[in-house]
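Each remark here refers to the structure printed beneath this line.
The values are calculated or read from the model by the stated rules, or taken from the named source; none is laboratory data. This one's a predicted model, so the numbers in the text were calculated from it and none came from an experiment. Ideal geometry is used to build each Cβ from the backbone, glycine not excepted, and the neighbour counts take in all protein chains shown.
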Amino acid sequence: MDLISLPPCSRRTELTAMANEQPMALSPASTSAIKISTTFLKTPVKTDQEILQNSMLEDDPNSNTILPSNELSEEHRTSLEKPARWGPRHKGAQELAKLYSNGKRTQELICVYICISLMILNLGLILRHFRLERISNVVVAAIFGILTADFGSGLVHWGADTWGSVDLPIVGKNFLRPFREHHIDPTSITRHDFIETNGDNFMVALPILGKLAWNFFTKTNAEIQQDYAISAYLFLCSIFIAMTNQIHKWSHTYWGLPKWVLFLQNHHIILPRRHHRIHHVAPHETYFCITTGWLNWPLEKIKFWSTLEAIIELSTGHKPRADDFKWAQKRT
Ligand SMILES: [Zn+2]
Ligand SMILES: [Zn+2]
C-alpha cells in the first residue's frame, strides 16, 4: 500500500499495525496454554506512541522525494518549513555526510577486496576438509556463530552510539561519524553503495579469516579434523559479522528487496524492519543488535545496556549519548 497517499491519521494507523508483531496462528487447544507466556513475551519495549513520536517514518520517503509545492498539503508544507528533525534535510546529517573522505573510501575498498578473497579461500578450505559426520557440528557452529555475531554487533553498535565523539582523532571521523549520521538520517544507508555499507564490517572480519586461513595452512590434517567445529564456528561467525551492515541496510529498505531477503526478514532469520524500528526511537538507547536481533529482547529485559552505561557513567563521569544528542540538535 502506498502510505504516502494516505492522510496522516490513516498512515499512522497503518504504521501502528506495522509496528506491532503479526498475531501468531494458534490452535484452540494451545491458545489458552500459551496465552500467558505470549502476553509476557510480547510486552512491548516501546509503545506505538513512542515509536510514532520519536522516530522517522521510513516507510514514508520523509521528503526524500520533494513534491512541487502546489501539490503539498498545508500540513506537509508547514512541516517542510520547520528545521528537519530527521532525514536528508537535517543540517547535522548533511554536515556528517560531507565528512566521508577519499581516504576512508580507500580503506573500505581495500578491506572489501581482501575480505572477499579470504572468504573464498576459507570456504574452499572448509569444504575440502568437510566430512559428512561433521554436519551436526556445523549446525551447532552456525547457531553459535550467528549468536556471537549478533552480540558483537550489539556491543560495537552500543559502544559507537553511546560513547566517544566525531571530534576524536582518526576514530571520530572514520568510524563514529556513520553512527551519528545514521540516527539523524536513517535512510542514508539505503543510498550508500556496497563498499560504503560494508567496508567497516569486512574490516572486522579480516583478522578472523586471516587467522583461520593461517591455521589451515600450518596445521596437520589430523589437527584440522580435531579443530573442525571451531574452524566452522569462526568461519560462519566472520561471515555473519561481514554481512551485518548489509542486513542492517535491508532493514531500512522499504522498496525493491528481493523475495528471499523478505522471506528471511519475515521469518526473523535476519533483522526484520519492524524489529529494528525500536532502536530508531530517540534517544536510541536499546535494541543495538543488528545481525539477527535475536538477543535484543533478552538483553533489554535484563537491562544489559542500561546497567553497563550506569557503571561507566559512575566510574568515568561521562554521560551516555552526549555526542549523539549534540548532533541531533544541529537542525539549523
Ligand atoms: Zn544506533
Ligand atoms: Zn538502523
Enumerate the pairs (first residue in the range 186-198 and free of Cβ contacts under 8 Å to residues at least 60 places away in the same chain; second residue anywhere and of a type in the set (D, E, K, R) and within 15 Å of ligand 2 (Cβ to nearest atom)) with beta-carbon separation below 7 Å, excluding pairs fewer than 6 apart on the same chain, so at least 6 apart or on different chains. Thr197/Lys249
Exactly one condition in (1) touching a helix residue (DSSP H, G or I) at 6+ places or on another chain (Cβ under 8 Å); (2) assigned to a helix (DSSP H, G or I) is false for Pro207; which is it? (1)
Which number in (1) surrounded by fewer than 19 Cβ atoms within 10 Å (Cβ to Cβ); (2) assigned to a helix (DSSP H, G or I); (3) within 16 Å of ligand 2 (Cβ to nearest atom) marks the one condition that Thr197 misses? (1)
How many of the residues making up the range 247-301 are more than 13 Å from ligand 1 (Cβ to nearest atom), within 22 Å of Gly87 (Cα to Cα) and of a type in the set (Lys, Arg)? 3
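Kindly establish whether Gly164 is more than 15 Å from ligand 1 (Cβ to nearest atom) and either within 12 Å of the chain's Cα centre (by Cα) or of a type outside the set (Lys, Arg) (or both). Reasoning before the result, please.
On the way: more than 15 Å from ligand 1 (Cβ to nearest atom): no; either within 12 Å of the chain's Cα centre (by Cα) or of a type outside the set (Lys, Arg) (or both): yes.
Judged against the criteria, Gly164 is not a match.
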Given (1) assigned to a helix (DSSP H, G or I); (2) loosely packed, with under 14 Cβ neighbours inside 10 Å, Phe151 misses just (2)
Residues to consider are Leu209, Leu262, Leu234; find the one that is in contact with a Ser or Thr (Cβ under 7 Å, 6 or more places away or on another chain) and more than 16 Å from ligand 2 (Cβ to nearest atom). Leu209
For the range 127-148, does any single residue satisfy the condition of being in contact (Cβ under 8 Å) with a residue 40 or more places away in the chain, touching a Cys at 6+ places or on another chain (Cβ under 7 Å) and either part of a helix (DSSP H, G or I) or closer than 25 Å to Phe325 by Cβ (or both)? yes
In the set Ala242, Ala310, Ala282, the lone residue that is at pLDDT below 95 and either among the small types (Gly, Ala, Ser) or within 30 Å of Leu127 (Cα to Cα) (or both) is Ala282
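Residue-by-condition table, conditions (1) closer than 24 Å to Asn198 by Cβ; (2) within 16 Å of ligand 2 (Cβ to nearest atom); (3) touching a residue at least 12 places away in the same chain (Cβ under 8 Å):
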residue: Ile247; (1), (2), (3): yes, yes, yes
residue: Leu257; (1), (2), (3): yes, yes, no
residue: His275; (1), (2), (3): yes, yes, yes
residue: Asn296; (1), (2), (3): yes, yes, yes
residue: Thr316; (1), (2), (3): no, no, no
Considering only the range 154-176, state which residues are buried (at least 18 other Cβ atoms within 10 Å of the Cβ) and in a loop (DSSP other than H, G, I, E, B). Trp163, Gly164, Val166
